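These notes concern the structure reproduced below.
The values are calculated or read from the model by the stated rules, or taken from the named source; none is laboratory data. Worth saying up front: this structure is predicted, and the values here are computed from it rather than measured. With ideal geometry, Cβ positions are generated from the backbone for all residues, glycine too; neighbour counts draw on all protein chains shown.
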Amino acid sequence: MNNYTSQKSIGYDAKLSLLSIGERRIAVPQKEVVNVLLLQDAVPAKPPAVGQFEYHETIFPVYAFTAQFELLASTTSSQHYAILIVGDSGVRFSLCCDNVESLSVTTDMDWDRVPDCMRLTASPLESFLYYDNQLIIMTDAQSLWRWIEHAGKQHGA
Amino acid sequence: MQVSNMARSKAWMLTSHGGFSFAVGELAMVEYSIEAEIFPVPLTPKHCPAVAYWRRRFVPIINYGKLFDPQVNDDIRQIGVLAYQTQPHTPLQHVAIALDHSPRSIIVDDEQACELPMVFAYRYPDLAISSFAFDDKTIPILDIGYLCSAAFVTRQSSKKTQGRSGPGH
């Protein structure tokens, strides 16, 4: 058996917002996060959104996922927070989570892009990060929105 | 004295999780591990449900047995890490295959060449480069680059929408 090296991919923002959704940990660029609000302050909205926030005169529909990225019709008991995020195209929405932390990317962190053999249509998974002995899934607002739209159609919304 | 011109090659014979045998070239096998850190990943093809954190990088884990038997579970404990190139003179890529047993080093000669199992012609026409007879079984030699390609995922997805067909392994 042989020892080989392969190309590593390092990238993304220097600072990340690290969301916990059940056992899943998801990171998004911190520059896309405009605020973190208490979910209990959301008002009702049309499904598949589980609620909405009005923030600086802009509506942010709120979406809830399972740890497997399945779109939920209502929040889970552990989801107390919602991050408000804005994508490159200007898309604005909010995502429920159990907890939010800030994470600074350092050069000694191990990143890998999601390989071709794991990519499905509309999947929001962009990269994997090994941090704190865990797998962190790196994504961004635009990729999450693409997935929400795809999953919403699957649910007939 | 008779001199044989028969070509002989070293290879690794692997038994996937779920019990399906296949072979790869001698240089493709990098490491066999029974203690890799394995992480399930959502929103992935059914045959590629997890990654292994290996030598400070994530490598996808192919649950090869699931291509032939959807009942094969994702309780993966053993992996074989393989190296492959998508093009000549490009960096090596790595992938892990879920295994049930440790790899077996074998020597194959041209005389053992035989036709591919029918299931490859029906379901996975480009997945095996060739095959050979070994221990009363037909062992496919896999094209690992194709197994790990976007083209293979696309083909699987399009077949799913068309409905599944073809015989079992």
- Task: Determine which member of the set B:V41, B:V30, B:V81, B:V72 is within 28 Å of A:E70 (Cα to Cα), buried (at least 20 other Cβ atoms within 10 Å of the Cβ) and within 12 Å of chain A (Cβ to nearest Cβ).
- Result: B:V41
- Query: Taking region A:82-115, which residues are at the interface with another protein chain (Cβ under 7 Å from one of its Cβ atoms) and surrounded by fewer than 17 Cβ atoms within 10 Å (Cβ to Cβ)?
  - Reply: A:D110
- Note on the structure: Of the candidates B:G18, B:G25, the one satisfying the condition of being of a type in the set (G, A, S) and at pLDDT 95 or above is B:G18
- Pairs only if they're at least six apart or on different chains, beta carbon under 7 angstrom, first in region B:18-30 and over 22 Å from B:P117 (Cα atoms), second outside any strand (DSSP E or B) and not basic (K, R); list them, first residue then second. B:L27/A:N2; B:A28/B:I144; B:M29/A:M1; B:M29/B:P103; B:V30/A:M1; B:V30/A:N2; B:V30/A:Y4
- Looking at B:P60, is it touching a helix residue (DSSP H, G or I) at 6+ places or on another chain (Cβ under 6 Å), within 14 Å of another protein chain (Cβ to nearest Cβ) and at pLDDT 95 or above? yes
- The residue from A:A27, A:A82, A:A45 that alone is over 25 Å from A:D132 (Cβ atoms) and of a type in the set (G, A, S) is A:A45
- Message: Criterion first (surrounded by fewer than 19 Cβ atoms within 10 Å (Cβ to Cβ) and touching a Pro at 6+ places or on another chain (Cβ under 6 Å)) does A:S143 satisfy it?
- Response: yes
- Task: Write out, first by first residue and then by second, each pair whose Cβ atoms fall under 9 Å of each other, whose residues are 6+ apart or on separate chains, and whose first residue, in region A:14-26, is among the acidic types (D, E) while the second is assigned to a loop (DSSP other than H, G, I, E, B).
- Result: A:E23/A:A67
- Task: Provide a single number: the residues in region B:17-42 that are touching a Lys or Arg at 6+ places or on another chain (Cβ under 9 Å), outside any loop (DSSP other than H, G, I, E, B) and over 19 Å from B:Q93 (Cα atoms).
- Result: 1
- Note on the structure: Going through (1) away from every other protein chain (no Cβ under 14 Å); (2) over 13 Å from the mean Cα position of the chain (by Cα); (3) not β-branched (V, I, T) one by one, B:A23 fails only at (2)
- Message: When the residues of region B:87-110 are narrowed to those that are among the aliphatic types (A, V, I, L, M) and within 10 Å of chain A (Cβ to nearest Cβ), which ends up farthest from the chain's Cα centre (by Cα)?
- Response: B:L92
- Task: Scan region A:123-154 residue by residue and report those that are more than 7 Å from every other protein chain (Cβ to nearest Cβ), within 18 Å of A:A67 (Cβ to Cβ) and among the hydrophobic types (A, V, I, L, M, F, W, C).
- Result: A:L129, A:I136, A:I137, A:M138, A:L144, A:W147, A:I148, A:A151
